[in-house]
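*Asks:* Have a look at the structure that comes next, please.
The values are calculated or read from the model by the stated rules, or taken from the named source; none is laboratory data. On a predicted model such as this, the values are computed, not experimentally measured, just so you know. Cβ placement follows ideal geometry from the backbone for every residue including glycine, while neighbour counts extend to all protein chains displayed.
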Amino acid sequence: MTDAIEATALTKRFGTTQALAGVDLAVREGTVLGVLGPNGAGKTTAVRILATLLKADSGTARIGGFDVAHDAEKVRQMIGLTGQYASVDEDLTGTQNLVLIGQLLDLRTSAAKRRAAELLEWFDLSAAADRRAKTYSGGMRRRLDLAASLVGRPAVIFLDEPTTGLDPAKREDMWDVVRSLVADGSTVLLTTQYLDEADALADEITVIDHGRVIAHDTPEGLKRVVGGQTLTVRPSDIARLDEVTAIVAQVAGSVPEATARGVVSAAVKGDAAMTETVVRLAAAGIAVTELSLHLPSLDEVFFSLTGTRTAETEEVA
Amino acid sequence: MTNAVALDASPRGALPSSPRSTDAVPLSARWRTLRHALALAKRSLIKTARTPEALIDVTLQPVIFLLLFTYVFGGAISGGSQHSYLQYLLPGMLGQTIALAGVALGQNLNADIEKGVFDRFRSLPIARSAPLVGAVLADFMRYLIVCVMTLGFGYLIGFRIQTNVIAMLAAIALSIAFALCFCWISVFVGMIARTSGSVQGIMFLLVLPLSFGSSAFVKASTLPGWLQAFVKVNPLTHLVGAVRGLLVGGPVTDHLLWTFAWMAGLLVVFVPLALRAYRKRA
């Protein structure tokens, strides 16, 4: 398979800030690359360069074989871009927003209207089609923005933090959309601050920080490096904490951390850990108020990869 | 959860798959750009229609200024006859208002870029100039409103055209054409200014000396010599002079030629500058 997106040694400086310090990216056709990193890591800068909005200081990037600097026009015919801040026109209705994009993509007005209607329908926006985008909720605005980037059926789609600021239900919904894009044959480059999002959607993950790639792997490979999932159990009766600790220790095969607040958590490997814990807790007759299995946070990923916390955490701390 | 399972579980079904190749409009590159610009102009007009308060500078402002100048300064300037001053003032007021009417264009473009709306346009396979040209074309409507309001309200308070309807239409056409060229300064400032508020500040600093340092409000012969030298080359002097000739009689040709020269000059200088600034602006 060929690479739909390939970038080599991209650099970009804004004044005294080195936003990109030599970034390589490669996305095979028909796959999803998750670009994972904290705020200010250079994710958006990389996307803007790949989407021809910004010129790199050095390095090369190709989309579908076309150079973003020299064949920008060809590149623009292939791409769809959904920015971090939904760039829909608030004074226009949903339909007007999409018809405008269709006309700019040289569709006949009738075809542009048809395309707008079917995309609005697909994104559950038909009822709001004739309302101004100003009246849309955050989730609706994101969907409209994404619909706008799909009017021309782009082969390569850039999603810059598509779920930042969305509530969990809307987030799942956006994930479904991304999966549909891939099922439709598109190549997707997705930036995110969440490992679980990259894990759920991406075929490969590139982790960047301070404008550099610090890891590139499959989700499985990355999880192996950063320690897989964490199991957390909180018994209803704090007196049974020791029993819970013993059970979690057996399942995880490691010594759990018992925190002062009556919670036990341990790194576990394999998806069966949760089920096994439930079975054992039930057998012992222990009720729990919290039982969860989650991936390490971005902060924990960075700690594992670099031995330092992300810049944001440092600032907070 | 694995990707494969989730794919099948998507509740939305497959993405809709039109358009087809037959849906495309077969146009040459030049006509494509014009169609894009017109589509974007329509966008600007929709926005204007949604926010009528954005039209105050082309509706209420000419009315207020006409009243103020006619009844506050008119008597003093023309020795007691406000009516005869109105005959002199109106073409000048039309020139100032139509030059100021372009300020909002630069402000709006600046705000659009800040909001990221233009990122979408920049990622599309359209000419770089299309969003700017579209915005300028839509401004045509505002300039037409300026002309209608100024002449209409002027008529109500006593202004009378001394020529004929054709000359009046020519005056309107000339004013709008000039404004469409002059507004590229505002577009350029809109591209380089950091905030839309500063666009207004910069443009007022530019337009007010031009309109007051011209023959718009007083006869150039009353001004000191050094200022007269400026008045003679000032584009608003010539626009106002030509419009004055077309509306109330007097020499037109010289002013007209100067105005055309200025229009061409403005386009040659500020269109490329604006486009270059737009391309550079990330």
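*Asks:* Scanning segment A:165-189 for residues that are among the aliphatic types (A, V, I, L, M) and away from chain B (no Cβ under 13 Å), which turns out nearest to A:R143 (Cα to Cα)?
*Replies:* A:L166
*Asks:* Is segment B:52-64 home to any residue that is more than 30 Å from B:G158 (Cα to Cα), surrounded by fewer than 16 Cβ atoms within 10 Å (Cβ to Cβ) and within 14 Å of chain A (Cβ to nearest Cβ)?
*Replies:* no
*Asks:* Can you pull out every residue in segment A:23-37 that is farther than 16 Å from A:V178 by Cα and either assigned to a loop (DSSP other than H, G, I, E, B) or of a type in the set (S, T, Y) (or both)?
*Replies:* A:G37
*Asks:* Can you tell me which residues in segment B:263-277 are surrounded by 18 or more Cβ atoms within 10 Å (Cβ to Cβ) and in contact with a Cys (Cβ under 6 Å, 6 or more places away or on another chain)?
*Replies:* B:M263, B:L266
*Asks:* Moving on. Kindly provide the set of residues from segment A:7-28 that are under 17 Å from A:T191 (Cα atoms) and in contact (Cβ under 8 Å) with a residue 60 or more places away in the chain, ordered by number.
*Replies:* Those that are under 17 Å from A:T191 (Cα atoms) and in contact (Cβ under 8 Å) with a residue 60 or more places away in the chain: A:A19, A:L20, A:V23, A:D24, A:L25, A:V27, A:R28.
*Asks:* Just to verify a result, which residue in segment A:185-230, among those that are in a loop (DSSP other than H, G, I, E, B) and not hydroxyl-bearing (S, T, Y), is nearest to A:R13 (Cα to Cα)?
*Replies:* If we take residues in segment A:185-230 being in a loop (DSSP other than H, G, I, E, B) and not hydroxyl-bearing (S, T, Y), then A:G211 is nearest to A:R13 (Cα to Cα).
*Asks:* Does at least one position in segment A:109-128 carry a residue that is surrounded by fewer than 22 Cβ atoms within 10 Å (Cβ to Cβ), more than 12 Å from chain B (Cβ to nearest Cβ), among the small types (G, A, S) and in a loop (DSSP other than H, G, I, E, B)?
*Replies:* No, every residue in segment A:109-128 fails to be surrounded by fewer than 22 Cβ atoms within 10 Å (Cβ to Cβ), more than 12 Å from chain B (Cβ to nearest Cβ), among the small types (G, A, S) and in a loop (DSSP other than H, G, I, E, B).
*Asks:* Any idea which of (1) over 15 Å from B:K47 (Cα atoms); (2) crowded, with 19+ Cβ neighbours inside 10 Å is the one A:D89 doesn't satisfy?
*Replies:* Every listed condition holds for A:D89 apart from (1).
*Asks:* Does B:R35 satisfy being more than 10 Å from chain A (Cβ to nearest Cβ), of a type in the set (K, R), assigned to a helix (DSSP H, G or I) and over 17 Å from the mean Cα position of the chain (by Cα)?
*Replies:* No, not satisfied.
*Asks:* So, A:G138, is that one free of Cβ contacts under 8 Å to residues at least 60 places away in the same chain, in contact with a Lys or Arg (Cβ under 9 Å, 6 or more places away or on another chain) and more than 12 Å from chain B (Cβ to nearest Cβ) or not?
*Replies:* It is true that A:G138 is free of Cβ contacts under 8 Å to residues at least 60 places away in the same chain, in contact with a Lys or Arg (Cβ under 9 Å, 6 or more places away or on another chain) and more than 12 Å from chain B (Cβ to nearest Cβ).
*Asks:* State which residue is nearest to the chain's Cα centre (by Cα) when the search covers only segment B:226-273 and only residues that are under 23 Å from B:I185 (Cα atoms) and either outside any helix (DSSP H, G or I) or of a type in the set (S, T, Y) (or both).
*Replies:* B:T259
*Asks:* Say whether the condition of being surrounded by 24 or more Cβ atoms within 10 Å (Cβ to Cβ) and more than 14 Å from chain A (Cβ to nearest Cβ) is met by at least one residue in segment B:108-128.
*Replies:* Among the residues of segment B:108-128, at least one is surrounded by 24 or more Cβ atoms within 10 Å (Cβ to Cβ) and more than 14 Å from chain A (Cβ to nearest Cβ), which makes the answer yes.
*Asks:* Shifting gears a bit: Could you give me the residue pairs with C-beta distances under 7 Å whose first residue belongs to segment B:251-277 and is among the aromatic types (F, W, Y), whose second residue is modelled with pLDDT of 95 or more and assigned to a helix (DSSP H, G or I) wherever it lies, and which are 6+ apart or on separate chains?
*Replies:* Every condition considered, the pairs that remain are B:W258/B:H238; B:W262/B:P235; B:W262/B:H238; B:F270/B:W184; B:F270/B:I185; B:F270/B:F188.
*Asks:* Please count how many residues of segment A:153-180 are under 16 Å from B:A14 (Cα atoms) and either under 14 Å from the mean Cα position of the chain (by Cα) or small (G, A, S) (or both).
*Replies:* So the answer is 9.
*Asks:* Determine, yes or no, whether B:S211 is out of contact with any helix residue (DSSP H, G or I) (no Cβ under 7 Å at 6 or more places or on another chain) and either of a type in the set (K, R) or surrounded by 14 or more Cβ atoms within 10 Å (Cβ to Cβ) (or both).
*Replies:* Against the criterion (out of contact with any helix residue (DSSP H, G or I) (no Cβ under 7 Å at 6 or more places or on another chain) and either of a type in the set (K, R) or surrounded by 14 or more Cβ atoms within 10 Å (Cβ to Cβ) (or both)), B:S211 does not qualify.
*Asks:* Still on this structure: State which residue is nearest to the other protein chains (Cβ to nearest Cβ) when the search covers only segment A:71-99 and only residues that are assigned to a helix (DSSP H, G or I) and of a type in the set (D, E, K, R).
*Replies:* For segment A:71-99, the residue satisfying everything is A:R76.
For (1) part of a helix (DSSP H, G or I); (2) under 29 Å from A:T306 (Cβ atoms); (3) touching a helix residue (DSSP H, G or I) at 6+ places or on another chain (Cβ under 6 Å); (4) modelled with pLDDT under 85, each residue gets a yes or a no:
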residue	(1), (2), (3), (4)
A:V233	no, no, yes, no
A:E243	yes, no, no, no
A:S254	no, yes, no, yes
A:A266	no, yes, yes, yes
A:D271	no, yes, no, yes
A:V279	yes, no, no, no
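*Asks:* Next question. Would you pick out the residues in segment A:141-158 that are surrounded by fewer than 22 Cβ atoms within 10 Å (Cβ to Cβ), at the interface with another protein chain (Cβ under 10 Å from one of its Cβ atoms) and among the aliphatic types (A, V, I, L, M)?
*Replies:* Of everything in segment A:141-158, nothing turns out to be surrounded by fewer than 22 Cβ atoms within 10 Å (Cβ to Cβ), at the interface with another protein chain (Cβ under 10 Å from one of its Cβ atoms) and among the aliphatic types (A, V, I, L, M).
*Asks:* Just to confirm my filter: which helices (runs of 4 or more DSSP H) fall fully inside segment B:50-136 and include at least 3 residues that are closer than 27 Å to B:V199 by Cβ?
*Replies:* B:56-68, B:82-100, B:103-115, B:117-122
*Asks:* Residues in segment A:230-248 that are among the small types (G, A, S) and in contact with a strand residue (DSSP E or B) (Cβ under 7 Å, 6 or more places away or on another chain): how many?
*Replies:* Total satisfying the criteria: 1.
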